[in-house]
Amino acid sequence: MKKLSKIQSKLAEDEQKMLGELKNLAEKIAATRMVFVRKVDEHGSMFGSVSEIDIVHGLQELGINIHKSTIAMDKHFKELGEASVTVRLHKEVSCTLSFEIKQEQE
């Protein structure tokens with residue numbers, strides 16, 4: 001019984017440590033502002049879109065590594081302007097990442 005309680009307390013301690021690290025990561029992600037540049041035709045329609053992969057690669061360039069499955073996105077963004085997505089790092093830890101999609105200057 002003593003061994004079981006030691007194991008349980010160790011697991012709870014590890015869980016709290018992990019949650020603390022994830023909360024710090026969530027704060028770092030929420031403070032991040034990203035800009036994506038895309039080509040646009042003469043009617044203002046974007047060629048391509050901004051997807052989970054684009055966001056993951058953008059965050060990796062800033063030294064933040066997450067998996068694409070943590071990004072809650074209903075559909076890819078195909079319009080210029082401001083947008084945001086929810087990043088769910090853990091069932092108890094999530095944040096909002098804001099970004100802007102701008103037109104490529106020729």
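Read-outs: derived from the displayed coordinates by stated rules, not from any lab. Bear in mind that the values here come from a model prediction, so they are computed numbers and not experimental data. Please note: Cβ atoms are built from the backbone with ideal geometry, for glycine as well, and neighbour counts cover all protein chains shown.
Taking A30 as the residue in question, decide whether it is of a type outside the set (K, R), surrounded by 12 or more Cβ atoms within 10 Å (Cβ to Cβ) and either touching a Cys at 6+ places or on another chain (Cβ under 6 Å) or under 21 Å from E92 (Cα atoms) (or both).
So A30 passes the test.
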**Q.** Residues of segment 65-106 classified as touching a helix residue (DSSP H, G or I) at 6+ places or on another chain (Cβ under 8 Å) and of a type in the set (K, R), total
**A.** 2
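Out of all the residues in segment 74-93, which are in a loop (DSSP other than H, G, I, E, B) and either in contact (Cβ under 8 Å) with a residue 24 or more places away in the chain or under 19 Å from A31 (Cα atoms) (or both)? Break it down stepwise before answering.
Step one: of segment 74-93, the residues in a loop (DSSP other than H, G, I, E, B) are 74-76, 78-80, 91-92.
Across segment 74-93, the qualifying residues are H76, K78, E79, L80, E92.
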Q. Quick one: would you say V35 is within 21 Å of the chain's Cα centre (by Cα) and exposed (fewer than 14 other Cβ atoms within 10 Å of the Cβ)?
A. yes
**Q.** Test result for V50, in contact with a Lys or Arg (Cβ under 8 Å, 6 or more places away or on another chain), touching a residue at least 40 places away in the same chain (Cβ under 8 Å), β-branched (V, I, T) and surrounded by fewer than 16 Cβ atoms within 10 Å (Cβ to Cβ)
**A.** no
Q) Which residue, of E21, E42, E27, is without any contact (Cβ under 8 Å) to a residue 12 or more places away in the chain, among the acidic types (D, E) and assigned to a helix (DSSP H, G or I)? A) E21
Q. Looking at (1) more than 21 Å from the chain's Cα centre (by Cα); (2) closer than 29 Å to Q103 by Cα, can you tell me which one V56 breaks?
A. (1)
Q) Assuming I55 fulfils every condition listed in (1) farther than 23 Å from Q105 by Cβ; (2) surrounded by 13 or more Cβ atoms within 10 Å (Cβ to Cβ) apart from one, which condition is it? A) (1)
